[in-house]
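What follows draws every value from the coordinates through simple rules; no lab data is involved. If you're wondering where the values come from, they're calculated on a predicted model, not measured in any experiment. In this analysis, Cβ positions are derived from the backbone assuming ideal geometry, glycine residues included, and neighbour counts consider all displayed protein chains.
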């Protein structure tokens with residue numbers, strides 16, 4: 001707890017200073033940090049290799065080892081990402097205008113930093129660099145709590161970031177890393193009211209759930225994506241094939257990848273076989289409902305669990321539905337309010353799907369894979385919110401800010 | 001728990017239907033509800049008088065009895081408030097525009113309801129009517145959990161609202177009241193993830209704290225207001241007097257009332273005595289720091305606790321500070337990020353105060369009492385957020401909505 005309070009106090013002080021720091025100072029600091037990371041890549045890789053050795057000793061699965069691994073290329077990409085953040089417009093201080101009230105008060109909202117942002121994450125050390133850079137650019141102090149698997153990598157990265165940032169005039173405490181990676185400290189971190197203004201978990205469903213259940217500070221849930229592609233009966237076959245294959249196979253491990261395919265009964269016999277064949281050719285395992293298996297006997301059988309599972313893998317669940325209402329019903333029941341797509345040539349179906357599907361991003365005739373801060377033009381993102389307050393969908397710099405009302409008067413009192 | 005799940009399920013279903021309900025239906029329903037409340041005022045007053053009798057039997061303080069009391073005038077004001085909500089523009093379905101990406105996707109955000117909103121409150125039965133009306137107008141289902149003191153009044157009001165709403169085409173379950181007023185059920189209500197998209201506590205500091213500590217659903221903290229008036233040394237004396245008296249005494253029980261006065265040492269001897277005399281004339285008890293008491297010997301002594309206390313009463317704490325930095329330091333330490341005001345004639349001081357004070361509303365030369373949805377032109381409010389995510393300051397209809405990205409494609413896939 002002492003480490004948390006000490007770092008919380010320092011972060012709070014730093015946040016006050018950061019909130020009024022000129023854009024130029026923040027940008028220079030980000031460029032200095034990027035250079036520092038690139039120049040010290042050998043040291044980062046050395047520390048990372050110790051984490052990797054430990055992880056191997058614990059028989060960590062290869063997919064996780066890959067997430068943990070840093071090499072020259074990845075560090076260079078990390079530095080480049082920070083340079084791009086420096087290039088983005090500074091959201092702080094903007095106003096959409098002011099209004100004059102009948103009694104002459106001039107009232108407006110200006111964009112201000114949130115304050116102190118906590119990030120809790122797992123074994124991806126690149127999160128250390130990119131979250132801290134985004135928070136800094138938006139004028140926030142950040143307290144990072146990464147997983148124990150990546151602790152040496154995280155210390156190396158955050159040490160370099162702190163040193164370089166301070167050289168460039170960023171206040172001490174603006175970026176800090178919790179050294180104690182125990183579960184108890186993580187839970188205390190989630191309850192650090194008075195120090196943390198917003199906590200963002202970045203990781204798998206288990207981490208998100210732990211944070212939601214334990215946190216007493218405001219939280220934005222991110223990431224869980226059980227996304228659907230719904231092939232409506234008027235869908236163009238080629239489009240259905242291209243989009244489904246793209247949404248499932250272009251990067252199966254990410255949250256905007258499709259996990260379930262829904263197809264209208266009226267067209268399932270014509271549309272499903274070519275789409276499923278195309279998926280199989282890409283190495284995707286098909287788990288179908290009984291009707292799907294009649295049409296496409298190759299398919300394995302989907303169990304009840306399949307509809308709610310985010311595979312993050314080369315597997316897809318397939319269900320034949322009786323029109324758009326059943327499709328929307330299914331998505332409402334099993335979806336995670338992330339990204340949902342309809343493939344259709346029918347105007348009314350497209351409008352109904354857009355209106356009735358409750359998700360951060362609802363697509364007509366495009367791949368769910370576009371739900372991403374870069375693709376949406378934000379330049380960077382800190383995660384994809386699947387909750388409905390504060391921010392929904394990709395969270396860029398703007399979503400890392402708050403608002404403040406400023407009121408200019410000349411002696412007004414309330415009658 | 002059964003009552004919560006049953007009402008949660010119904011609210012979720014209702015929310016889906018409400019989200020696509022035309023504005024006209026919602027407005028007609030609100031007018032029908034307003035008429036229903038006005039026409040059934042005798043029944044509401046009868047039920048309320050039973051609550052009042054019970055409260056008297058428990059020796060409830062008179063200030064609390066007053067909050068609980070409903071009479072013809074208050075019910076008529078309640079109905080009128082709902083009619084005004086019907087008159088407000090519907091925020092749902094609006095978009096600030098769409099953008100075309102380089103590959104031809106048309107991406108935009110549209111305003112959608114949040115879904116199911118939980119309101120947890122104490123003994124003010126008017127909250128039942130006005131929260132439900134605001135939630136409905138913004139297309140949300142609402143589950144109300146009022147205090148046991150007002151249970152009969154709340155049942156009467158919510159029964160009438162439900163009956164009238166359904167007559168006008170609002171789905172069943174759109175408005176519901178938790179009948180079980182036990183603490184255990186309240187805590188379970190705060191953990192109703194999967195049913196409640198946002199929980200708003202409306203009440204005193206104790207309720208807010210309980211909600212923050214127990215809730216696992218997203219919460220917006222409201223209301224706690226330890227507001228300051230800072231009299232800078234160049235302040236106009238008359239303005240300082242008028243604004244301080246207004247901020248303290250025009251309605252001491254509300255959250256935007258001033259609780260502490262800070263005065264610059266350089267001008268304290270000239271400015272403080274007339275301001276404090278004016279306060280005393282209004283019956284305000286002065287609790288001063290040692291320097292204040294030297295200048296104004298009438299004043300009682302402020303203890304350390306006074307700086308952090310929201311009196312909600314005819315009491316003010318007064319402290320002499322060594323310039324704006326100490327004033328901001330004090331506000332940062334003791335303020336609740338609600339409303340803060342500086343009285344000054346110095347341009348640079350005004351700008352520094354606006355930039356460095358972290359609060360929902362920061363005033364120059366005006367009373368803190370203006371922090372209010374009506375005064376800010378929102379037409380109505382559901383509370384004043386003192387946290388920094390989603391909504392800050394007065395929360396009107398817009399703050400009861402979320403956003404959804406809609407994306408129109410013609411076959412785009414992500415490379």
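Data table
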item: Ascending count of other beta-carbon atoms within 10 Å, so fewest first, for B:392, A:242; result: A:242, B:392
item: Per-residue [θ]222 nm for chain A (sum of -39500 (n - 2.57) over DSSP H runs n ≥ 4, rounded to 500); result: -13500 deg cm²/dmol
item: Centroid-to-centroid separation of the stretch B:83-117 and the stretch A:206-231 [C-alpha atoms, Å]; result: 23
item: Burial order of peptide ranges A:324-334, A:105-115, A:62-72 (average beta-carbon count within 10 Å, highest first); result: A:105-115, A:324-334, A:62-72
item: Length-normalised contact order of chain B in % [C-alpha pairs under 8 Å, at least 6 apart]; result: 18
item: Cα long-axis angle, helix B:126-137 against chain B (0 to 90 degrees, to the nearest 10); result: 60
item: For the stretch A:170-292, diffusion coefficient by Stokes-Einstein and Kirkwood Rh (Cα), 25 °C, 0.890 mPa s, µm²/s; result: 138
item: Cα long-axis angle, helix A:347-356 against chain A (0 to 90 degrees, to the nearest 10); result: 50
item: Selected from A:29, A:355, A:123 as most flexible by GNM, with chain A as the system and alpha-carbon contacts under 10 Å; result: A:355
item: Which of B:10, B:248 has the fewest Cβ neighbours within 10 Å, and the rest in rising order; result: B:10, B:248
item: Peptide A:260-269 - average C-beta neighbours from other chains (10 Å radius); result: 0
item: Alpha-carbon Rg with Dmax, taken over the stretch B:109-198, Å; result: 12.9, 43
item: Mean-position separation - Cα centroids, the stretch B:3-77 and the stretch A:284-307, in angstrom; result: 50
item: Sorted by Cβ density within 10 Å, fewest first, the residues A:298, B:228, A:390; result: A:298, A:390, B:228
item: Rg/Rh (Cα only; Kirkwood hydrodynamic radius) as it applies to the stretch A:302-407; result: 1.04
item: Spacing of the two label points (7 Å from each Cα toward its C-beta) at residue A:184 and residue A:50, in nm; result: 2.4
item: Globularity index of the stretch B:236-295, i.e. its alpha-carbon radius of gyration over 2.2 N^0.38 Å; result: 1.07
item: Cα-based shape type of the stretch B:227-370, given that a ≥ b ≥ c are square roots of the gyration tensor eigenvalues and the cut on a/c is 1.5; result: rounded
item: Three-way shape call for chain B based on the alpha-carbon gyration tensor, with the a/c threshold at 1.5; result: oblate
item: Overall form of the protein assembly as shown per C-alpha gyration tensor (a/c, 1.5; a/b vs b/c); result: oblate
item: Within a Gaussian network of chain B (alpha carbon springs, distance under 10 Å), most fluctuating of B:100, B:352, B:269; result: B:100
item: Label distances, nm, residue A:66 versus same residue in remaining copies, Cβ-directed 7 Å point; result: 6.8
item: Nearest-to-axis residue of chain B, judged by beta-carbon position, where the axis maps B onto A, in Å; result: B:390, 2
item: Using alpha-carbon coordinates, inclination of helix A:23-39 to the longest axis of chain A, degrees; result: 70
item: Other copies of residue A:213: label-to-label distances in nm, shortest first, labels 7 Å along the beta-carbon direction; result: 2.1
item: Number of partner chain Cβ atoms within 10 Å, mean per residue of B:366-373; result: 5
item: Shielding by partners - mean other protein chain Cβ count within 10 Å, residues of A:237-246; result: 2
